[in-house]
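These notes concern the structure reproduced below.
The values are calculated or read from the model by the stated rules, or taken from the named source; none is laboratory data. This is a predicted model, so every value here is computed, not measured. Using ideal geometry, Cβ is built from the backbone for each residue, glycine included, and neighbour counts are taken over all protein chains shown. Keep in mind that these areas ignore ligands, DNA and RNA; they rest on the heavy atoms of the full protein, side chains included. Shrake-Rupley method; radii C 1.70, N 1.55, O 1.52, S 1.80 Å.
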Amino acid sequence: MCNVKEWSHVFKLDPNKSIEEDDLSVLCESGTDAIIIGGTDGVTFDNVFDLSERVQRYTVPCLLEVSTMEAIMPGFDGYLIPSVLNSKDKKFITGIQHEAIKEYQDWIPWNQMLVEGYCVLNEEAKVFKAAECELPSNEDVIAYAVMAEQMFHFPIFYLEYSGTFGNAELVKEVRKHLQQTTLFYGGGIESYEQAVTMKEHADVIVVGNVIYKDMQAALRTVKACRQ
Ligand code: 1GP
């Protein structure tokens, strides 16, 4: 099983976007700690399967962040299960997960599962709308972090700014309240400097979009975590 406590950097690949073989190879061999396959829309069994087969040729751990039941399949090094703590709808906190357990409990490899307590902070992000989130205050965010660790014992608390660079001061503040739970930060990291800034506070930075815009810049974010 993957030990997220040893990670500092991961790339998140969207199965709904295409990536050339050369670029995928460089990413997988960049020294990143893991490749996460996950996205908000257009995630299908076929595109997850295709991408996972390509990534699994490399030694880097490959995890599936489950966003739809239709695209769950065996063969990953781990499975990340989001629970969106600032959603207005119970469905995105425990509802879909509850349905999945009812249907598949005999097949679920529990020792490969990691639950992520998500807090989505960019109102413009697709995931904010898709998971029917409400924007929390800084105080709310800290309470969600404490809840994730102390009440639910989630292994991961994920500050998700997908598409925009977030508030480093808030990430720093959240970090102070977590001892056991690993803090993931994702959103808008497109340069070495931005990676350094967020890595100073978060345990793990998640880099997504820039992969599809500027591969060299994406690779520099790995270097920023290896100093
Ligand atoms: C998205 O947190 C990740 O789920 C990464 O965000 O795509 O903005 O890098 P970006």
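Roughly how many Å is it from the Cα centre of the range 5-39 to that of the range 149-227, as a whole number? Their Cα centres are 15 Å away from one another.
Taking Cα centre as origin and charging only the Cβ of basic (Lys, Arg, +1) and acidic (Asp, Glu, -1) residues, the dipole magnitude of the chain rounds to 440 debye. Pairs exceeding a 20 Å alpha-carbon distance, out of 12/223; 176/199; 176/223; 88/172; 88/199; 17/172: 176/223; 88/172; 88/199; 17/172. Give the cross-link partners of residue 5 among the aspartates and glutamates, using a straight C-alpha distance below 16 Å as the criterion and excluding same-chain residues fewer than 8 apart. Once the sequence-local aspartates and glutamates are set aside, what remains near residue 5 is 33, 77, 116, 149, 200, 203.
Packing, as the average of other Cβ atoms within 10 Å across residues, places the peptides 91-101, 123-133, 106-116, 10-20 in the order 10-20, 123-133, 91-101, 106-116, highest first. Peptides 219-225, 27-33 ranked from most to least packed by the mean count of surrounding Cβ atoms within 10 Å: 219-225, 27-33. Under Stokes-Einstein, with the Kirkwood radius over Cα pairs as Rh, the value for the chain at 4 °C and 1.567 mPa s is 74 µm²/s.
Accessible area per residue, 1.4 Å probe, Å², for the chain: what's the number?
Result: 49 Å² per residue.
Mind checking which aspartates and glutamates have their C-alpha under 12 Å from residue 91, skipping anything on the same chain fewer than 8 residues away? By straight Cα distance, residue 91 reaches 99, 132. Using a probe radius of 1.4 angstrom, the carbon and sulfur fraction of the accessible surface of the chain is 49%.
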